[in-house]
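Chemist: Quick one: the structure is below, and I'll ask about it shortly.
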Amino acid sequence: MKKLLFLLIVVGSNVYAQHSLEKVWTTDSTSLKNPESVRYDPKAKILFVSNIGEFGKDNVGYVSKIGLDGKIIKKDWVTGLTGTKGLAMNKNTLYAAENAAVAVIDIAKGTITKRITIEGAQMLNDITVDSKGAVYVSDSKTGKIHKIENDKPSVYLENLTSVNGLLAVDNDLYILADGKFWRADSNKKLTQLVDGLEGGMDSIEMVEKGGFLLTNWNGIIYYVKDDGSKQVLSDTRDKKINAADLGWDPATKILYVPQMLNNRVTAFKLK
């Protein structure tokens, strides 16, 4: 009986284990300008950060390179972007979501090689790449998700209110829309995973099987599970510190959070 009780306690503690965040560093506030997305490059051991620049102005966005210690390596690594938001990597290519196009960046050269225009797009936002190299990008204003294959875009899903965060894992596409966390299978069948999330949900990272980090642009970081449970790890709305499209290093369990209106990126250790 005692052994059984002990096992129940251990299993219960694992199921309901609470996570926490420990601040590691934050960048200075002079190099970044409205940083929206962070992407970790495991090969080069650096961070790519998208910067919108000045809102409403064309060709003033840029991508910066930052070290894993928070030091700026090159502020204006790639320039001439418009409304630069989500970033996604595939091998030696970095994809950047602009307002109405996806910029394709050669990482080795640090140059934009082409732009893939999305007809009718109004506010392209988050972007992800699946295992086959297909690119998915959300349009928060039109409520659509576009899929790009061989440089040709098509509408993949639509009628998704305030769609933003995307993450492709195996044959599934995880989606943040309408204050909910969804999974779309390879047949585009939508399954709701988590409900009751605040408006302004922004990004998704998988940190373990069935476990995810989600951000809310207004300043909330969640740890959620695909069973519907959720935990608030951080809430900085009262300080007006945002939490946009985070980056994730699975080896060190460090998340990199762009705090857009504060012009900073802050690193946290997930515990």
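Chemist: Among the residues of segment 49-59, is there at least one that is more than 21 Å from K23 (Cα to Cα), part of a strand (DSSP E or B) and touching a residue at least 24 places away in the same chain (Cβ under 8 Å)?
Modeler: Yes, because at least one residue in segment 49-59 is more than 21 Å from K23 (Cα to Cα), part of a strand (DSSP E or B) and touching a residue at least 24 places away in the same chain (Cβ under 8 Å).
Chemist: I need the strands (runs of 3 or more DSSP E) fully contained in segment 208-248, keeping only those with at least 1 residues that are of a type in the set (F, W, Y) and open to solvent by less than 10 Å² (accessible area, probe 1.4 Å). Steps first, please.
Modeler: On the way: elements: 211-216, 220-225, 230-235.
Because the criterion is at least 1 residues that are of a type in the set (F, W, Y) and open to solvent by less than 10 Å² (accessible area, probe 1.4 Å), the strands (runs of 3 or more DSSP E) in segment 208-248 that meet it are 211-216, 220-225.
Chemist: Among the residues of segment 197-218, are any in contact with a helix residue (DSSP H, G or I) (Cβ under 7 Å, 6 or more places away or on another chain), of a type in the set (G, A, S) and closer than 24 Å to K85 by Cβ?
Modeler: no
Chemist: Let me ask you something else. Keeping to segment 75-108, report how many residues are open to solvent by less than 10 Å² (accessible area, probe 1.4 Å), part of a loop (DSSP other than H, G, I, E, B) and aliphatic (A, V, I, L, M).
Modeler: Of the residues in segment 75-108, 0 are open to solvent by less than 10 Å² (accessible area, probe 1.4 Å), part of a loop (DSSP other than H, G, I, E, B) and aliphatic (A, V, I, L, M).
Chemist: Can you tell me which residues in segment 27-42 are at pLDDT 95 or above and either within 24 Å of T128 (Cβ to Cβ) or open to solvent by 20 Å² or more (accessible area, probe 1.4 Å) (or both)?
Modeler: Selection gives L32, K33, N34, P35, E36, S37, V38, R39, Y40, D41, P42.
Chemist: Hey, V24 hits all of (1) open to solvent by less than 10 Å² (accessible area, probe 1.4 Å); (2) among the aliphatic types (A, V, I, L, M); (3) assigned to a strand (DSSP E or B) but one; which does it fall short on?
Modeler: Every condition holds for V24 apart from (1).
Chemist: Quick check on my filter: what residues within segment 148-174 are farther than 17 Å from G200 by Cβ and open to solvent by 40 Å² or more (accessible area, probe 1.4 Å)?
Modeler: E149, N150, D151, K152, P153, S154, V155, E158, N159, D170, N171, D172
Chemist: Mind checking which pairs have a first residue in segment 218-233 that is farther than 13 Å from V207 by Cα and a second that is among the charged types (D, E, K, R) and open to solvent by 10 Å² or more (accessible area, probe 1.4 Å), Cβ under 6 Å, 6 or more apart or different chains?
Modeler: Correct list of pairs: N218/R237; G219/R237; I220/D235.
Chemist: Buried (at least 19 other Cβ atoms within 10 Å of the Cβ), within 17 Å of the chain's Cα centre (by Cα) and closer than 19 Å to S162 by Cβ, is that true of A121?
Modeler: no
Chemist: In addition: Taking the condition of being aliphatic (A, V, I, L, M) and either more than 20 Å from W25 (Cβ to Cβ) or outside any strand (DSSP E or B) (or both), how many residues in segment 64-74 meet it?
Modeler: 1
Chemist: So, E198, is that one at pLDDT below 95, surrounded by fewer than 20 Cβ atoms within 10 Å (Cβ to Cβ) and at negative phi or not?
Modeler: yes
Chemist: Cβ-Cβ below 9 Å, separation at least six or inter-chain, first residue in segment 240-263 and over 16 Å from E36 (Cβ atoms) and without any contact (Cβ under 8 Å) to a residue 24 or more places away in the chain, second open to solvent by 30 Å² or more (accessible area, probe 1.4 Å) and in a loop (DSSP other than H, G, I, E, B): which pairs?
Modeler: Every condition considered, the pairs that remain are K240/N218; T252/L68.
Chemist: Six or more apart or on different chains, Cβ atoms under 7 Å: show the pairs whose first residue is in segment 12-24 and modelled with pLDDT of 95 or more and whose second is charged (D, E, K, R) and open to solvent by 90 Å² or more (accessible area, probe 1.4 Å).
Modeler: Listed by first residue and then by second, the contacts come to H19/K271; S20/K271; E22/K271.
Chemist: Can you tell me which residue among S186, S203 is under 25 Å from G67 (Cβ atoms) and out of contact with any His (no Cβ under 8 Å at 6 or more places or on another chain)?
Modeler: When all the criteria are applied, what remains is S203.
Chemist: Testing T191 on (1) farther than 20 Å from M123 by Cβ; (2) of a type in the set (S, T, N, Q); (3) open to solvent by less than 20 Å² (accessible area, probe 1.4 Å); (4) free of Cβ contacts under 8 Å to residues at least 40 places away in the same chain, one condition comes back false. Which one is that?
Modeler: Condition not satisfied by T191: (3).
Chemist: Could you please find all residues in segment 60-69 being touching a residue at least 40 places away in the same chain (Cβ under 8 Å) and open to solvent by less than 10 Å² (accessible area, probe 1.4 Å)?
Modeler: Matches in segment 60-69: V63, I66.
The values are calculated or read from the model by the stated rules, or taken from the named source; none is laboratory data. Small disclaimer: the values here were computed from a predicted structure and weren't measured. No Cβ is skipped: glycine too gets one built from the backbone with ideal geometry, and neighbour counts run over all protein chains shown. Only protein heavy atoms, including side chains, enter the accessible area calculation; ligands, DNA and RNA are left aside. Shrake-Rupley method; radii C 1.70, N 1.55, O 1.52, S 1.80 Å.
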